[in-house]
Each structure stands twice: as structure tokens, then as C-alpha cells.
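We did not get these values from a lab; they are worked out from the coordinates using the rules stated. This structure is a prediction, so every number in the text was calculated from the model and none was measured. Using ideal geometry, Cβ is built from the backbone for each residue, glycine included, and neighbour counts are taken over all protein chains shown.
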Protein chains: 2
Amino acid sequence: MRPLFHPAIEDVQPAAILHALSDPSRAAIFARITREGCVEACSAVAALGDRVIPKSSLSSHFKVLREAGLIRSERHGTELRNHSRVLEVEARFPGLLTGIMNAYARSHRDESPSA
Amino acid sequence: MRPLFHPAIEDVQPAAILHALSDPSRAAIFARITREGCVEACSAVAALGDRVIPKSSLSSHFKVLREAGLIRSERHGTELRNHSRVLEVEARFPGLLTGIMNAYARSHRDESPSA
DNA sequence: CCCATAGTTCGGGATTTCGGAACTAAGGAG
DNA sequence: CTCCTTAGTTCCGAAATCCCGAACTATGGG
């Protein structure tokens with residue numbers, strides 16, 4: 001099993017971050033990891049909202065987030081633990097992630113008018 | 001010739017913006033339109049940095065930017081004039097575009113160490 | 001009318017994404 | 001150890017996207 005590649009923070013590219021977060025599922029996963037500090041991968045996230053995401057897709061979503069530099073994954077036994085790199089990324093690109101996550105939060109608010 | 005569709009600002013989606021700007025060429029085009037206030041399309045932008053972008057590709061880049069709500073295009077005779085919708089978008093999603101454009105600016109700075 | 005310029009559309013090859021099925025790794029239970 | 005179960009990964013073919021040359025359309029002269 002491969003050793004899980006993580007880019008150094010100075011190699012993180014805005015284009016890769018935007019691409020990773022341009023997918024709503026990935027953005028939701030990242031939001032959750034960031035909010036909860038640490039989240040086990042696939043099974044724990046399988047039901048994000050309504051959509052059931054097959055685990056092969058989840059696996060590649062995590063890979064995209066990881067290789068974009070947004071999360072850090074460690075293997076613990078059979079499962080993955082994912083941590084958000086939000087602080088590192090914010091330090092390098094101030095305002096980027098907050099702007100993006102706020103935008104998603106706003107648009108979710110808009111389309112579900114608080115019940 | 002189709003009448004150029006522009007989404008209303010309240011229909012603009014973060015995912016579409018991120019997707020549009022996750023392409024470095026489009027991000028550069030958008031940066032330029034925003035910086036210069038108004039830019040004629042394809043031919044005027046054909047040589048962005050080094051890469052020569054064929055005009056069919058440019059045409060679709062402009063379309064992506066337009067449909068994401070980032071620019072507004074008007075036909076004037078045979079050419080297009082493009083205006084940035086940065087203010088509208090910033091009003092709806094505060095910090096989103098500034099975060100993104102700063103991030104690209106920073107990463108460009110990093111990889112070309114000021115000569 | 002004819003030509004030139006500015007963009008768009010079309011077509012199809014290249015690349016990326018999606019997701020089911022088969023596979024591998026780690027942790028028990030017996 | 002063997003068998004099972006759980007957690008993720010890999011593989012691979014179908015579907016969706018992207019890319020860009022070539023052909024086309026629209027506008028403005030001369």
C-alpha cells in the first residue's frame with residue numbers, strides 16, 4: 001500500500017485547490033473535516049446529505065483533496081484519519097479558504113430558506 | 001448569433017466560479033479583465049504569457065467565465081467587450097474573488113522570484 | 001459585391017471522471 | 001494459524017469533458 005503523498009505547503013497550487021473544491025461533494029467533505037478537526041474517511045462520510053457516494057469515488061475524492069494539499073491523511077490500522085490543513089493553507093494563501101467556504105455556506109443558505 | 005446568456009447574480013454558484021477559475025488561463029483572463037476594467041475578447045488576449053491559446057479555446061473560455069457569472073460580454077459590431085462582474089460577485093460572496101486572485105498572485109510571485 | 005476581421009460552432013481525438021467489481025491490508029474470534 | 005469482517009485501494013470500461021483545427025457566421029469597410 002502506497003505511503004500517501006502529501007505536497008509540501010510551498011508546493012500547493014491555487015489551481016489544484018480550486019479544482020478540488022469546485023466539486024460540491026469534495027467541498028462538503030472538506031468542510032466537515034475542517035469543522036470536526038478530524039474525520040475517518042469513506043464509510044464515515046458515505047451519506048453526505050442525500051447523495052450516496054460509492055466508496056471508490058470517495059477514495060478518489062480523498063485523494064484529490066490530499067494531493068491538492070487540503071487535508072492530511074494517516075493510516076490507523078485499517079482506517080484513515082483525515083485532518084484539515086486549513087491553517088497551513090490560510091497562512092500561505094490568506095483569505096482563500098475562508099472565502100470559498102463562506103461562499104458555499106451562503107449559497108446553501110440561499111437555496112434552503114431555513115425551513 | 002445567440003444573445004449571450006448571463007446568469008442573474010443570485011443564480012451564480014460557487015462551484016461554477018471555482019471551476020471557471022481553476023484553469024490558470026481563465027484565471028489570467030479574468031484577472032486582466034478585472035484589472036483593465038474592459039477588454040475585447042479573443043484576439044486581444046491570444047498571447048497570455050507564453051502559451052498561445054487557439055481562438056476556439058478562447059471563445060469557450062469566455063463562455064465559461066460568462067456563464068459562471070464572472071464577466072459580462074456585449075457585442076459591439078464584430079467584437080466582444082468584456083466587463084468584470086467582480087463587484088457584484090464580491091457583494092454576494094464576500095472575500096471569494098479577492099482570496100482567489102490573491103492566491104494566484106502569490107503563487108506567481110513565488111515561482112518567478114522577481115527576476 | 002468582395003474581402004478582412006472577430007467570434008462561434010462543429011467534430012472527433014485526448015483526457016478526466018464515475019462507479020461496480022475484484023483486490024489488499026489490518027484486526028479480531030475461535 | 002485460518003476465517004471473517006471491516007476499511008480502502010485499484011482496475012477498468014462507460015460516460016462526460018476538454019481541447020483545438022477547420023469550417024462557418026456576422027459585421028464593417030472599400
Computed lengthening from B:Arg51 to B:Thr98, 0.36 nm per intervening residue step minus Cα-Cα distance: 14.4 nm
Cβ-Cβ FRET estimate between B:His76 and A:His83, R0 fixed at 41 Å, reported to 0.05: 0.20
Net +/- balance of residues flanking A:Ile9 in space, Cβ distance below 9 Å, scoring K and R +1, D and E -1: -1
R0 of 22 Å, Cβ-Cβ distance B:Cys38-B:Ser60: FRET efficiency to nearest 0.05: 0.60
Lysines with Cα under 21 Å of B:Lys63, excluding same-chain neighbours fewer than 8 positions away: B:Lys55
Residue-count net charge about B:Ala41 - beta-carbon cut-off 14 Å; Lys, Arg +1, Asp, Glu -1: +4
Cα gyration tensor category, rounded, prolate or oblate, for segment B:1-90 with a/c compared to 1.5: oblate
